[in-house]
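The values are calculated or read from the model by the stated rules, or taken from the named source; none is laboratory data. Model, not experiment: these values are computed from the prediction. A quick note on method: Cβ atoms are made from the backbone with ideal geometry, for glycine too, and the neighbour counts reach across all protein chains shown.
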Amino acid sequence: MRARYSDSFKQQAVEKALSRSDGTTLAQITEALGIGHSTLDQWMVQFRSQQLGISSEDDSARIGGVRKEQRPQDWSQAERLEMVIACGALDEAAINQLCRERGLYAHHVAQWKLDVIRALTANERTDSTRLKGEVRALKKELNRKDRALAETAALLVLQKKVGAIWGNDADNSR
């Protein structure tokens, strides 16, 4: 017969497994709780996928001071940016410590930083390309207007010369 465990027992077991420190292994925890290693593993998987009866207001809820583990690819863009900013002023040891607390590796944060930089430079390139196109169009329009102005000025000069040579219509009517 299979043993049945209450949801609160499962939650406490997962909490204990996630908040372990001082070199405590999962095997030691399972032995102390009197459950199988695979059972605890299964509960942790359920916990991560939020199938274990844990009530929380939002996905970033903490249970017993431990953040629900989240795969790096499950982090939203805003959470990634916040993590990159948080690691910005830290040295390598502090970054590694913060990453361990959040269930990440430092290379995830480094990759996210590169992604942010790449996205910003791509925006700058599209902005500069768009501005170059606008400048090109404005120069073309300016050249067209300069030619039209030069043509109008030439016609006025010719009209005055014609008037000086043959006279005005007002002069011819007298």
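Below, the figures for the structure above:
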read-out	value
Selected residue (only one of Leu98, Leu158 is part of a helix (DSSP H, G or I) and either of a type outside the set (A, V, I, L, M, F, W, C) or outside the structural domain of Gln77 (by TED's automatic domain parsing) (or both))	Leu158
Residue match in the stretch 56-69 (condition: loosely packed, with under 11 Cβ neighbours inside 10 Å and modelled with pLDDT of 85 or more)	no
Residue check for Glu124: outside the structural domain of Phe47 (by TED's automatic domain parsing) and touching a Lys or Arg at 6+ places or on another chain (Cβ under 8 Å)	no
Candidates Glu151, Glu124, Glu92 - the one that is over 30 Å from Met44 (Cβ atoms), exposed (fewer than 11 other Cβ atoms within 10 Å of the Cβ) and more than 17 Å from the chain's Cα centre (by Cα)	Glu151
Any hit, the stretch 103-113, residues being surrounded by fewer than 11 Cβ atoms within 10 Å (Cβ to Cβ) and either aromatic (Phe, Trp, Tyr) or within 30 Å of Glu79 (Cα to Cα) (or both)	yes
Lone qualifier among Val135, Val157, Val116 - being touching a residue at least 12 places away in the same chain (Cβ under 8 Å) and not hydroxyl-bearing (Ser, Thr, Tyr)	Val116
Out of Leu90, Leu104, Leu120, sole residue that is more than 23 Å from Arg48 (Cα to Cα) and assigned to a loop (DSSP other than H, G, I, E, B)	Leu90
Top-ranked residue in the stretch 21-51 [being assigned to a loop (DSSP other than H, G, I, E, B) and closer than 18 Å to Ser8 by Cα; ranked as modelled with the lowest pLDDT]	Gln51
